[in-house]
1. Quick one: compute the contact order of the stretch 58-270, relative version, from alpha carbon pairs under 8 angstrom and 6+ residues apart, as a percent.
2. Convert 4 °C to kelvin, take the viscosity as 1.567 mPa s, use the Kirkwood radius over C-alpha pairs of the stretch 58-270 as Rh, and evaluate the Stokes-Einstein diffusion coefficient in µm²/s, rounded to a whole number.
3. Order these by the 10 Å Cβ neighbour count, fewest first: 223, 22, 124.
4. Post the alpha-carbon centroid distance, the stretch 201-231 to the stretch 296-354, in whole angstrom.
5. Taking neighbour Cβ counts within 10 Å as the exposure measure, how do 294, 271, 95 sort from fewest upward?
6. Per Stokes-Einstein, at 37 °C and 0.692 mPa s, what whole-number D in µm² s⁻¹ belongs to the stretch 229-369, with the Kirkwood radius over Cα pairs as the hydrodynamic radius?
7. Determine the equivalent ellipsoid of the stretch 77-119 by diagonalising the alpha-carbon gyration tensor, then write out the semi-axes as square roots of 5 times the eigenvalues, largest first, rounded to whole Å.
8. So for the chain: antiparallel DSSP bridges make up what percent, rounded to the nearest 5?
C-alpha cells in the first residue's frame with residue numbers, strides 16, 4: 001500500500017533505535033532460570049531506599065498535572081550544584097534536553113560536530129532538524145578534541161562532547177577539555193554531556209559547572225537515569241546560561257517531566273550516602289574486572305563510568321549471543337563502531353564473577369585465548 005502523504009525527508013533517512021528483546025523473552029527463548037541485564041549502563045543497585053519507601057505513598061495527587069516549571073526540583077538541584085534556578089532546564093531524560101537544543105538552535109544545513117562513536121541521540125536529533133552531523137573518529141576510544149576543532153566551519157552551530165564517553169567509558173583530561181572550551185568561538189554552543197560523571201574517580205576530570213560564569217556558550221547535561229537509578233522515570237537536565245534556558249522553555253512540552261519523576265529525583269538527590277556507596281561499589285567492580293581482563297589478555301578501554309567496553313577478538317554479536325545463553329545480556333559493539341567488542345555494565349560482585357567466568361569459557365571454547 002502506498003500512502004498519499006509523505007514523511008519529512010529528514011525522518012526517512014533515520015533508522016529507528018533498535019531495542020533488544022525483553023528479559024522475559026530471552027529467558028523463555030533460552031530456557032533460563034535467571035538472567036541479568038548488563039547492557040544498558042543502568043545502576044545495577046537500583047535507586048535510593050528512600051525513593052522506594054516514598055513509592056508506597058504515591059497516588060493522592062496524580063489527578064493533577066505536574067509542575068511544568070519543576071519548581072521544587074529546581075530549588076533542590078540549584079542548591080546542590082551551587083547554580084541559579086534560572087540556569088536549569090529539566091527534560092524527560094537528558095535526551096529531551098538534547099532534542100530541545102537541536103530544535104532551538106539548528107536550521108536546515110547547519111552543522112554539529114561530535115565524535116564518530118558516541119551517544120547516538122546527538123546525531124539523530126541533528127538529522128531530525130535537517131542539520132548535518134560532522135563526526136570525528138575517536139583516538140584510542142577517546143574524543144579527538146583537536147580533530148573536532150579542525151572540523152569547525154562557518155556552518156557549525158553545536159559541538160557535543162560526551163564525558164565520560166558512551167560507549168567507550170573514557171574521559172577527556174581536564175587541561176585538554178578546558179583548552180578546547182576556551183578555543184571555541186563564542187557563537188558555537190559547546191554541550192558537555194556528563195551523564196556518568198558521578199562514577200568518575202580520577203582527579204583528571206574537569207569541573208565544568210564553575211566555567212558557566214565565564215562561557216555563555218557552555219551547556220552541561222546531567223541525568224537521574226544513571227547513578228541515581230531512575231532510568232524508568234525519565235528525568236534529566238541541562239545547566240546553562242539563563243537566556244539559553246529561557247529560549248529552550250519556548251520549545252519544550254509544558255508538562256514534560258511527570259510528578260512521580262520530579263519527586264523521586266528530589267528524594268534521590270537528598271540521599272548522597274547511597275550515591276557514594278554506589279560509586280564505591282562500582283569502582284571496586286571496575287578494578288576487579290580490569291584485573292581479570294588483564295589476566296585473560298583481553299584489551300579494554302580505560303573506563304571512568306559504570307560500564308566497560310572490552311575487545312574479545314571475536315565477533316561482538318556472537319559473543320553477546322553466547323553470553324545470553326549463559327544468562328547475561330550485554331551490548332555488542334558491532335553497531336557501535338567496534339565489531340569485536342562488547343560493552344558490559346559493571347554489576348554486583350556476583351554479576352562480575354559470573355561474567356568473567358562466562359567470557360573465559362566462551363573464549364576457550366573458540367580457541368581465542
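Every number here is computed from the coordinates shown, using simple stated rules; none is lab data. This structure is a prediction, so every number in the text was calculated from the model and none was measured. Note that each Cβ is placed from the backbone with ideal geometry, even for glycine, and that neighbours are counted across all protein chains shown.
1. Details: 373 pairs, mean separation 58.9, N = 213.
Contact order relative to length: 28 percent.
2. 74 µm²/s
3. By the 10 Å Cβ count, ascending: 22, 124, 223.
4. So the separation of the two Cα centres works out to 26 Å.
5. Going from least to most buried by this count: 294, 271, 95.
6. Translational diffusion coefficient: 185 µm²/s.
7. 25, 14, 10
8. Working: 18 of 37 bridges.
The antiparallel fraction comes to roughly 50 percent.
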